[in-house]
């Protein structure tokens with residue numbers, strides 16, 4: 001809730017962590033293409049995800065090879081020239097029993113058994129490896145081939161969005177016969193691969209509304225962010241708001257590439273939104289100019305949700321959903337239905353609030369369910385409008401409905417805090433809630449409500465690797481008084497069927513506290529990424 005100041009003790013620790021982060025590399029130069037060039041939009045229980053080799057069986061003779069690196073590596077893609085250079089310098093791992101046909105490379109490092117490459121990347125996260133696609137898992141971050149987008153985005157990618165998967169893939173190998181390859185390692189059915197992007201808090205009131213309406217830039221400007229870099233290293237905020245102590249902030253500079261951010265988000269097979277406040281008819285709405293938060297957005301943003309962000313489903317039970325009373329709740333539900341957005345977590349009664357949202361992808365029925373534990377909104381009851389409250393009974397009920405309806409995958413989306421909204425690690429209260437979700441049958445947990453980017457928690461689960469993400473941070477929510485609230489990440493998950501096989505985080509910063517713009521992961525994006533990895537628990541292997 002925006003009216004809550006950060007506790008002084010917590011803020012002191014945050015400052016210390018951020019100032020340490022300031023010792024990292026200096027900001028990078030403007031990325032290509034040129035700034036004037038627009039971007040064209042096109043632990044639960046269960047078996048270990050480790051793949052054990054089979055002594056017999058016939059692997060595919062020729063197959064594509066994924067390029068992978070460590071999960072925490074800042075590297076986001078790779079060119080073929082870079083691959084050749086890495087091979088010649090001994091920095092490329094190649095699996096035994098595999099010859100690389102394309103491109104022509106001469107690895108100088110001894111081969112590594114394919115099922116031991118993950119261990120090598122765990123030891124050195126910056127190593128790069130060629131990998132049979134059937135062995136890809138979250139510990140092995142897939143590197144797309146460098147494309148013509150900003151920072152090398154939008155190139156060919158075996159595990160990327162539909163457009164990237166459709167591009168000709170230039171890296172192939174063949175089995176030499178020297179070492180038996182398990183058939184599952186080289187098997188790759190691309191029709192089973194799908195991606196999902198998940199966004200942080202959406203509520204473009206205040207700063208977003210000021211830029212769009214008061215200053216006349218229009219809503220398209222808010223949603224059509226490109227790329228950015230920082231004018232300097234982070235520095236202490238000289239004018240923090242009342243009740244907020246001075247913390248490091250950044251000064252982002254818009255570097256063009258309009259549409260890059262929305263294109264990245266919309267390209268996924270599924271895009272999940274997180275609405276933080278009510279939606280009102282545009283004629284009944286005005287920008288918030290009051291001292292105390294009373295937030296809302298106009299119906300006009302919903303067409304941008306479709307055209308720019310490509311949102312397929314949205315979860316709703318945020319702390320500000322009662323800011324405009326029952327009228328705001330009724331309006332939100334009606335307008336989302338009018339514009340065709342599946343939604344969950346808010347209702348005119350508890351029965352409606354517990355109803356899952358569904359999407360169909362890759363022949364699967366995916367369900368989203370959501371609850372809230374943040375003070376502020378009314379709790380939905382038998383005859384009371386409000387949010388689904390985060391308790392065991394409601395978790396069991398919502399997940400049970402999804403399973404009864406035949407959902408192949410259940411993704412749980414809690415709106416939650418620990419002791420407050422600025423803690424990036426899971427609190428004891430949140431861990432207890434995760435226990436409820438695990439027991440009920442949640443397959444993945446993508447949270448929201450935090451105004452900072454939370455850590456990534458990976459566990460071994462019944463369907464492979466199970467992720468808990470406390471929250472990706474603000475996306476359209478103002479709060480430019482701390483670097484942690486200015487920055488966030490787009491969470492990109494890749495699945496093979498119902499199995500999570502890759503996790504990629506795309507860093508951004510809000511320009512003028514209103515418009516998200518992508519950062520270079522190896523440049524200024526390292527601040528938020530390194531904060532996330534420092535608070536993460538990634539070792540899901542036994």
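General observations
- Residues 526, 451, 163, ranked from the fewest to the most other C-beta atoms within 10 Å, line up as 163, 526, 451.
- Note on 527, 358, 151: ascending count of other Cβ atoms within 10 Å places them as 358, 151, 527, the fewest first.
- Anisotropy class of the range 62-188 from Cα gyration tensor, a/c 1.5 cut: rounded
- Going from the fewest other Cβ atoms within 10 Å to the most, the residues 233, 141 appear in the order 233, 141.
- Per residue, the chain reaches -5500 deg cm²/dmol at 222 nm when only DSSP H runs of four or more residues are counted, each adding -39500 (n - 2.57).
- The residue 108 and residue 235 beta-carbon pair, evaluated with R₀ = 35 Å, returns a calculated FRET efficiency of approximately 0.20.
- The Cα atoms of the range 453-542 define a convex hull whose projected area, averaged across directions, is 6.3 nm².
- Spin-label model, residue 294/residue 217: points 7 Å from Cα along the beta carbon direction are separated by 2.6 nm.
- Inter-label distance, residue 393 to residue 246: 5.1 nm, where each label sits 7 Å from its Cα along the C-beta direction.
- Each peptide in 324-332, 459-467 gets a packing score, the mean of other Cβ atoms within 10 Å over its residues, and the list from highest to lowest is 459-467, 324-332.
- Take the Cβ atoms of residue 286 and residue 337, set R0 to 30 Å, and the FRET efficiency comes out at 0.80.
- Site pair residue 167 and residue 326 shows an inter-label distance of 5.3 nm when each label is modelled 7 Å from Cα along Cα→Cβ.
- Every pair of different Cα atoms in the chain enters the Kirkwood calculation, which places the hydrodynamic radius at 23.7 Å.
Values quoted throughout were computed directly from the atomic coordinates according to the rules given, and no laboratory measurement underlies them. Just so it is clear, the model here is predicted, and its values are computed rather than measured. Every residue, glycine among them, receives a Cβ derived from its backbone with ideal geometry; neighbour counts consider all protein chains shown.
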